[in-house]
Structures are given as structure tokens and as C-alpha cells.
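Contents: one structure, followed by commentary.
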Amino acid sequence: MKKILAGMAAVLALTTLVGQAQAQVSASVGARATVAQALTITAVDSLLFGAAFPNTTRAIAPSDAASGSFTLAGAANAEVTLTFTLPANLTFGANNLPVTFGAASAGHNTANSRAGITAFDPTVVRTTRLEAAFGNLYVFIGGSVSPVAQPAGDYKGSITLATAYTGN
């Protein structure tokens, strides 16, 4: 009887183990990521107001040859943001010359041309896409100065463009 009970216990234990082994199943999926080309930006041309005379506004449109320009390169058709840091004044020593940027003072184009740009307000973050085939974007910036009683001199400032992928 002891042998029968021991045999039944062994069968019961084996049945339990087989049942447990069959209850546990699994599957696997792959993991994959495609790293996009790094986004680069190059400052190309400075915004050049040239001679500005007292009591006269000197305006440069983003489509003008004297506009500032930047070149972006990255992943084809990727969405990016454009964020300008704009000066309130150009300076000459302790002297300030106010500089203004309007609703259409900046523009971008997927072709390296100031003609046919899409104008935008550089005081607002802009979202756009890089060119679909090669991933380029060209950005242009204009603005205006209106000297009043500033002393004559070479007034300077800095315009910075920051860009980032949005992930879209």
C-alpha cells in the first residue's frame, strides 16, 4: 500500500509540474530605433541695415539681399521649431539704437532662395518642416531701425536662431 501511495504521490507531483510548465507561455517582439541625422545650423549672412539716417526708418525685409540668413540641415521632412533671440537695441558704446521686428520680419524656404519665402513673426516660435528630399531649410531675418538723436557710429547687435526637432 505504501508503494501505491508513493506512486500516486509521484504521479500527482509530476502532473502538477507538467500543468505548471504548460501554463507558462511567452512570446517576444523585436525592439528597433532609427536614429535621425543630427540637426545642424549655420549662420550665413548678418542683417545689414547699412546707412541709417536720423528721423528716417531703415527697413530690411527677409527677402532683401541685406537680410540675415541661416542654413539648417537635418533629417528629410522632419518637423523643427525655429526660436529667435532678438536684440531690443543695437549698441555703439553706451548708445542704443532700437531695432524692431514685425509680424513678417522673418521667412523660411526649403530652397536656398530669398524669393518665395514663407514669412513669419520672429518673436513667436515657428514650427515647420525641413525639405522632404534632403532635409535642408533656409531661414532669413529682416527688421527695422529708426535713429532719432543717436550719435553717428557703427551700432551692432546679435541675432540668435535656435532650432530643435519636435519628434514629428
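The values are calculated or read from the model by the stated rules, or taken from the named source; none is laboratory data. No experiment lies behind these values; they were computed from the predicted model shown. Cβ placement follows ideal geometry from the backbone for every residue including glycine, while neighbour counts extend to all protein chains displayed.
Odds and ends about this structure:
- Among the residues making up the stretch 133-162, those that are under 25 Å from the mean Cα position of the chain (by Cα) and outside any strand (DSSP E or B) are A133, F134, G135, G142, G157, S158, I159.
- Residue satisfying all of: in the stretch 117-168; under 21 Å from G74 (Cβ atoms) and among the small types (G, A, S); surrounded by the fewest Cβ atoms within 10 Å (Cβ to Cβ) among these: G167
- Subset of the stretch 85-121 (residues that are of a type outside the set (S, T, N, Q), touching a residue at least 40 places away in the same chain (Cβ under 8 Å) and not in a strand (DSSP E or B)): L86, P87, G93, F101, G102, A104, R114, A115, I117
Yes/no matrix, rows are residues, columns are (1) within 24 Å of the chain's Cα centre (by Cα); (2) within 18 Å of Y165 (Cα to Cα); (3) of a type in the set (F, W, Y):
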| site | (1), (2), (3) |
| --- | --- |
| T56 | no, no, no |
| S67 | yes, no, no |
| E79 | yes, yes, no |
| F84 | yes, yes, yes |
| A88 | yes, no, no |
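- Residue under evaluation Q37, criteria (1) assigned to a loop (DSSP other than H, G, I, E, B); (2) at pLDDT 95 or above, criterion not met: (2)
- Lone qualifier among A78, A94 - being at pLDDT 95 or above and buried (at least 19 other Cβ atoms within 10 Å of the Cβ): A78
- In this structure, G50 does satisfy being surrounded by fewer than 11 Cβ atoms within 10 Å (Cβ to Cβ), at pLDDT 95 or above, within 28 Å of G102 (Cβ to Cβ) and in contact with a strand residue (DSSP E or B) (Cβ under 9 Å, 6 or more places away or on another chain).
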